[in-house]
Amino acid sequence: MALFGSSSNNAAPSQQEVKTAIVKQLQQEAAMANARNLIGKVNEHCFEACIPTPGSSITTQEETCLSQCMEKYISFWNAASRTYVSRVARESKRLGGAESLAMMATPTDTSL
Amino acid sequence: MDQQLDVSKLSDADKKELNQILTNEAQKSNIQQTVHHLADVCWKKCITGKISSGRLDQSEEACAQNCVERWMDTNLAVLKHLEALRSQ
């Protein structure tokens with residue numbers, strides 16, 4: 001219940017507070033879902049790449065590979081994101097769309 | 001919590017603003033979904049060898065870019081051909 005900290009002395013939250021609370025919660029959930037998605041993919045691809053033949057225990061080599069793979073995947077994701085976002089912006093400009101697509105890029109390193 | 005987030009007390013202007021924010025968030029989330037898909041598909045095509053560094057090297061980055069661009073081209077080509085089929 002400490003959503004608004006000590007500032008609320010049991011008074012009903014103002015409209016502004018309700019609004020920011022909803023937005024904040026939504027953004028947190030979206031960031032969570034995005035991170036979970038990313039971790040799932042990292043798991044999938046890095047397991048594939050680093051553990052070709054599962055042994056009776058994980059080796060230090062495999063662990064190093066997993067760390068490197070994870071960093072690489074995140075960089076790769078960000079590169080794909082940058083390229084995709086700029087392409088979409090280019091396409092929508094070409095089609096004369098005035099849509100502002102500026103805020104759609106959220107590289108993972110800022111949201112993790 | 002539920003009663004703190006009571007939307008019904010918001011003014012129309014606030015509701016409208018909230019609606020706009022939600023639409024933006026939904027769009028952002030859509031784009032992130034697409035990027036997850038793209039990273040998935042392109043990783044399979046671009047990262048085939050042994051992983052020996054945590055950094056993305058130049059050729060890998062270039063491959064990622066080309067992969068995304070060609071995926072978009074594919075998308076557009078499919079739509080274009082579909083359009084042609086439709087008007088036959």
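Here are a few things to note about the model shown:
- Among residues that are over 22 Å from A:Ala89 (Cα atoms) and modelled with pLDDT of 95 or more, B:Glu60 is included.
- Among the criteria (1) modelled with pLDDT of 95 or more; (2) buried (at least 17 other Cβ atoms within 10 Å of the Cβ); (3) within 27 Å of A:Ser67 (Cβ to Cβ), the one B:Ile31 does not fulfil is (3).
- Scanning segment B:67-82 for residues that are closer than 24 Å to A:Tyr73 by Cα and facing chain A (nearest Cβ under 9 Å), we see that the one that is surrounded by the most Cβ atoms within 10 Å (Cβ to Cβ) is B:Val68.
- From A:Ser67, A:Ser14, residue being of a type in the set (Gly, Ala, Ser) and more than 30 Å from B:Gln20 (Cβ to Cβ): A:Ser67
- Taken as a whole, the condition of being farther than 16 Å from A:Ala35 by Cα and either out of contact with any helix residue (DSSP H, G or I) (no Cβ under 9 Å at 6 or more places or on another chain) or among the acidic types (Asp, Glu) (or both) does not apply to B:Asn24.
- Set side by side, the residues B:Leu18, B:Leu38, B:Leu5, B:Leu56 differ, and just one is buried (at least 17 other Cβ atoms within 10 Å of the Cβ) and in a loop (DSSP other than H, G, I, E, B), which is B:Leu56.
- Cβ-Cβ distances below 7 Å connect the following pairs, each with a first residue in segment B:31-44 that is over 15 Å from A:Glu44 (Cα atoms), a second residue that is part of a helix (DSSP H, G or I), and a separation of six or more residues or different chains: B:Ile31/A:Met104; B:Gln32/A:Asn34; B:Thr34/A:Tyr84; B:Val35/A:Trp77; B:Val35/A:Ala80; B:Val35/A:Ser81; B:Val35/A:Tyr84.
- The test for being more than 7 Å from chain A (Cβ to nearest Cβ) and of a type in the set (S, T, N, Q) holds for B:Gln20.
- Residue within segment B:31-45 that is of a type outside the set (Phe, Trp, Tyr), more than 15 Å from the chain's Cα centre (by Cα) and more than 7 Å from chain A (Cβ to nearest Cβ) present: yes
- Being out of contact with any helix residue (DSSP H, G or I) (no Cβ under 8 Å at 6 or more places or on another chain), more than 9 Å from every other protein chain (Cβ to nearest Cβ) and on the phi < 0 side of the Ramachandran plot is true of A:Ser56.
- When A:Ala49, A:Ala33 are screened for being buried (at least 17 other Cβ atoms within 10 Å of the Cβ), within 10 Å of another protein chain (Cβ to nearest Cβ) and closer than 29 Å to B:His37 by Cα, only A:Ala49 passes.
- Any hit, segment A:103-112, residues being under 16 Å from the mean Cα position of the chain (by Cα), among the charged types (D, E, K, R), closer than 28 Å to B:Gly49 by Cα and modelled with pLDDT under 95: yes
The values are calculated or read from the model by the stated rules, or taken from the named source; none is laboratory data. Only a predicted model underlies this, so the values are computations on that prediction, with no experimental measurement involved. Here Cβ is always computed from backbone atoms with ideal geometry, including for glycine, and neighbour counts include all displayed protein chains.
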